[in-house]
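To start, the structure under review is shown below, and the notes come after it.
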Amino acid sequence: MFTGLVEEIGVVAELNPHDETGGTSLTIALPPSSTLLEGAALGDSISVNGVCLTATQLDTANRQPSFKVGIAPETLRLTNLGDLQPGSPVNLERAVRADTRMGGHFVQGHVDGTATIASVVPDGNALTVRLAPAAATLLRYVVRKGYVALDGTSLTVTRVDDGEGWFEVMLIAYTQAKVVLARKKAGDSVNLEVDVLAKYAEKSMAGYLGAQAEALARPMLEEMVQNLVAQAMGGHS
């Protein structure tokens, strides 16, 4: 579990599609002053651009610390991690602890899909970013003033247009200096995780309505039939 408050921006050192395990691995280099790996252990969860990944190698002995994570095929299909190049900046966040302040929102690190940046428009010293999800069905979980995680950054939705298939978020000046999204431009992709609470609410309502569907529908159908019979009898009188 994460908060969506980015701790640090790292840089891709290597994306190896054929590592020693036969899979894909990603090595991230950190600034020399980084404290991200202090107290870290192999197997810890680290969010990389909003994707919860397991640390398989930690290197804190060198001047520039780094860590390696493995990427599963399903993760490559759902996220933009496979498009990363050496030198690409990435948002990083360690998993929350029990005493962590929840300044953002509950972010699982389980990306639902990608979204494409449609536009980036200055608004005073802020930036309004419009995004179109690759899967339009994800918009049903996106509501004005609700939360989304973009590349792991917890942001508040400012506008939604279901008909045109987009939503907007705003980056204040402070956030622009702390996250990767502010460096991106129209046409770039981001990892999108919608609010898990919205998905739980949808499933709960679907289950409730499914169980109640017959009970709710029967009175309406009976009334419709009675009205049709009354109209027919009235027409023959």
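Out of (1) buried (at least 16 other Cβ atoms within 10 Å of the Cβ); (2) in contact (Cβ under 8 Å) with a residue 24 or more places away in the chain, what's the single condition that is false for Ala55? Only one criterion is unmet by Ala55, namely (2).
Flag: Val107 matches the condition of being in contact with a Gly (Cβ under 7 Å, 6 or more places away or on another chain) and under 27 Å from Lys199 (Cβ atoms). Restricting segment 58-73 to residues that are under 20 Å from Ser33 (Cα atoms) and among the hydrophobic types (A, V, I, L, M, F, W, C), which is surrounded by the fewest Cβ atoms within 10 Å (Cβ to Cβ)? My answer is Ala61. Can you tell me which residue within segment 118-141, out of those that are polar (S, T, N, Q) and closer than 18 Å to Lys178 by Cα, is surrounded by the most Cβ atoms within 10 Å (Cβ to Cβ)? Among those that are polar (S, T, N, Q) and closer than 18 Å to Lys178 by Cα, it is Thr128. Scanning segment 148-165 for residues that are touching a residue at least 12 places away in the same chain (Cβ under 8 Å) and surrounded by fewer than 21 Cβ atoms within 10 Å (Cβ to Cβ) gives Thr156, Val157, Thr158, Arg159, Val160, Asp162, Gly165.
Looking for whichever is surrounded by 14 or more Cβ atoms within 10 Å (Cβ to Cβ) and free of Cβ contacts under 8 Å to residues at least 40 places away in the same chain here; the options are Leu37, Leu15, Leu76. Which one fits?
Only one candidate qualifies: Leu37.
Residues in segment 152-165 that are over 12 Å from Tyr141 (Cα atoms), out of contact with any helix residue (DSSP H, G or I) (no Cβ under 6 Å at 6 or more places or on another chain) and not polar (S, T, N, Q): 6 in all.
Scanning segment 15-68 for residues that are part of a loop (DSSP other than H, G, I, E, B) and charged (D, E, K, R) returns Asp19, Glu20, Glu38, Asp44, Arg63.
Quick note: the coordinates plus some simple rules give every number you see, no bench work behind them. This structure is a prediction, so every number in the text was calculated from the model and none was measured. Methodologically, a virtual Cβ is constructed for each residue, glycine included, from the backbone with ideal geometry; neighbour enumeration extends over all protein chains shown.
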